[in-house]
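Colleague: I have a structure here, written as structure tokens, and I will follow up with some questions on it.
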Amino acid sequence: MNIKDYGWDEHFNREWNQRSAEGMFPGRIIADYGQMMRAVTDSGEILVNRPVKKMDNELQLAVGDWIALEHAEETQSVCVRAVLARKTKFSRAAAGIEVKEQIIAANVDTVFLIQSLNRDFNMKRLERYLIAAWESGAVPVIVLTKADCCDNVADKMASVYNTAPGVEVHAISCITGEGIDEIKKYFMHGKTVALLGSSGVGKSTLVNTLAGKELLKTQEIREDDSRGRHTTTHRELLLLPQGGLVLDTPGMRALSLWEADAGMEVLFGDIEELVKLCRFYDCQHQNEPGCAVRNALDTNKLEMSRWESWLKLQKELAHLEAKKEGKLRQKEKQWGKQIAKFQKEFYKGRV
Ligand SMILES: Nc1nc2c(ncn2[C@@H]2O[C@H](COP(=O)(O)OP(=O)(O)OP(=O)(O)O)[C@@H](O)[C@H]2O)c(=O)[nH]1
Ligand SMILES: [Mg+2]
Ligand SMILES: [Zn+2]
């Protein structure tokens with residue numbers, strides 16, 4: 001076993017020199033089972049416990065992370081001591097009421113944003129994935145699966161090019177083999193590709209096709225509503241026989257954005273420039289005079305569907321920001337209470 005096959009490079013070497021101590025050894029998390037995680041090290045694979053949350057500084061770990069491990073005498077097990085600074089991370093807002101980041105994949109070089117050409121095809125969803133992908137620091141590539149089930153591949157490719165100018169798009173089929181050779185170029189020694197998309201689009205099937213053998217379980221989509229069955233239940237990083245790493249993930253029901261500034265800039269930079277040109281600084285872009293947006297819409301310089309996407313995303317992001325701020329204030333309040341309690345006890349002890 002050589003950790004260089006798993007992506008260890010100069011960046012992590014430097015990180016290691018700063019973050020590690022005598023007795024520690026490096027590992028990369030290759031599977032996440034919740035409480036337990038599997039890591040690969042120079043001397044093989046091991047199971048490690050997810051570290052216990054200390055206060056609020058939760059050490060959030062994700063598949064793809066490089067960690068510093070150590071044999072702990074006290075528990076007779078291997079413990080995670082540190083996580084090395086990530087090169088990239090793909091996140092979303094965790095489901096539930098709490099405002100929390102969920103890291104889906106760490107240290108990924110390329111993200112395949114996967115949709116199937118038959119039933120799953122949806123441009124609005126693709127926009128969301130693109131924003132999160134640009135935000136992650138990894139390079140997005142759009143992969144459209146099940147080309148064998150679609151008779152207007154060219155039309156669909158055209159609408160994707162329109163939504164995602166400058167992003168590479170591939171139509172593939174794991175049944176006929178169409179497009180598979182073209183996507184092999186992303187799987188290079190030590191490089192990681194994450195597969196993201198809804199359940200049933202064929203992520204695990206693609207891993208098996210690339211590996212040339214059945215590494216992962218796959219399952220037919222449901223007949224009644226043509227949705228996937230959520231066959232993959234945990235994230236897993238696999239080393240392909242020909243080299244290169246692939247990270248399979250469970251199908252996502254929704255991708256709620258967590259951070260979006262950089263991603264919005266890439267996808268909607270032109271709209272962000274446009275709104276600055278409106279005559280009124282608080283223009284609502286309804287029917288105010290000198291509204292640059294209305295003008296662009298009327299002259300077909302801006303597509304209505306893109307404008308609607310932008311508006312919807314802006315609203316969602318404003319809501320997210322407000323929730324994040326609320327959480328911050330709540331934390332400050334708790335902190336204030338703790339200080340007050342401490343002061344009270346301190347003075348009580350003195351008098
Ligand atoms: N016709 C056709 N079917 C495909 C293709 N790729 C995958 N499938 C089928 O789609 C179904 C779902 O595939 P999976 O690989 O399990 O999908 P997944 O994205 O991993 O789904 P989750 O693990 O639930 O997220 C299976 O029945 C596959 O055989 C393809 O290129 N063409
Ligand atoms: Mg799967
Ligand atoms: Zn305006």
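We did not get these values from a lab; they are worked out from the coordinates using the rules stated. Because the structure is predicted, anything quoted here is derived from the model rather than measured. We place every Cβ from the backbone using ideal geometry, glycine too, and count neighbours over all the protein chains shown.
Colleague: Full extension from LEU239 to ALA340: what is 0.36 nm times the residue separation minus their Cα-Cα distance, to one decimal in nm?
Modeller: So the chain would gain 31.0 nm between LEU239 and ALA340.
Colleague: Further question on the same structure: Below 8 Å between Cα atoms, with a sequence gap of 6+, how large is the relative contact order for segment 89-248 in percent?
Modeller: Computed over segment 89-248, the figure is 21 percent.
Colleague: For the residues CYS283, CYS291, what sequence is obtained by ranking on other C-beta atoms within 10 Å, fewest first?
Modeller: Final ranking by Cβ density, sparse to dense: CYS283, CYS291.
Colleague: Which semi-axis lengths, in whole Å and largest first, follow from the square roots of five times the eigenvalues of the Cα gyration tensor of the chain?
Modeller: In descending order the semi-axes read 37, 33, 17 Å.
Colleague: Among LYS124/LYS213; LYS87/LYS341; LYS87/LYS337; LYS156/LYS185; LYS4/LYS124; LYS156/LYS301, which pairs are too far apart, with a Cα-Cα distance over 31 Å? If you can, show how the numbers build up before the last one.
Modeller: Working: LYS124/LYS213 34 Å; LYS87/LYS341 41 Å; LYS87/LYS337 37 Å; LYS156/LYS185 23 Å; LYS4/LYS124 38 Å; LYS156/LYS301 22 Å.
In this structure, LYS124/LYS213; LYS87/LYS341; LYS87/LYS337; LYS4/LYS124 lie more than 31 Å apart at Cα.
Colleague: Okay, next question. Please compute the contact order of the chain in relative form: average sequence separation of alpha-carbon pairs under 8 Å and at least six residues apart, divided by the residue count, as a percent.
Modeller: 14
Colleague: Across all directions of projection, what mean area in square nanometres is found for the Cα convex hull of segment 235-351?
Modeller: Working: hull surface 62.7 nm².
Answer in nm², one decimal: 15.7.
Colleague: Using a Förster distance of 41 Å, how high is the FRET efficiency between ARG14 and SER226, based on the Cβ-Cβ distance and rounded to 0.05?
Modeller: On the way: r = 48 Å, r/R0 = 1.17.
Step by step, r from the Cβ atoms, then E = 0.30.
Colleague: Let me ask something additional. At ASN162 and LYS331, where each label point lies 7 Å from the Cα along Cα→Cβ, what is the point-to-point distance in nanometres?
Modeller: It is 4.3 nm.
Colleague: Right, next: Tell me which GluC sites (Glu not before Pro) from segment 1-68 have a DSSP coil assignment and no more than 13 other beta carbons within 10 Å of their own.
Modeller: Filter output for segment 1-68: GLU22, GLU58.
Colleague: Take the Cβ-Cβ distance between SER43 and VAL275 as r, set R0 to 51 Å, and report the resulting FRET efficiency rounded to the nearest 0.05.
Modeller: Details: r = 56 Å, r/R0 = 1.10.
That pair, SER43 with VAL275, gives E of 0.35.
Colleague: Taking R0 as 45 Å, what's the FRET efficiency between ASN152 and ARG50 from their Cβ-Cβ distance, rounded to 0.05?
Modeller: Working: r = 46 Å, r/R0 = 1.02.
The calculated FRET efficiency here is 0.45.
Colleague: Right, next: Tell me, what HN-Hα J-couplings in whole Hz come from the Karplus equation 6.51 cos²θ - 1.76 cosθ + 1.60 at θ = phi - 60° for each residue of segment 183-199, using x for Gly and Pro?
Modeller: The phi angles translate into 8, 5, 5, 7, 9, 10, 3, x, 9, 10, 10, 9, 9, 10, x, 5, 5 Hz.
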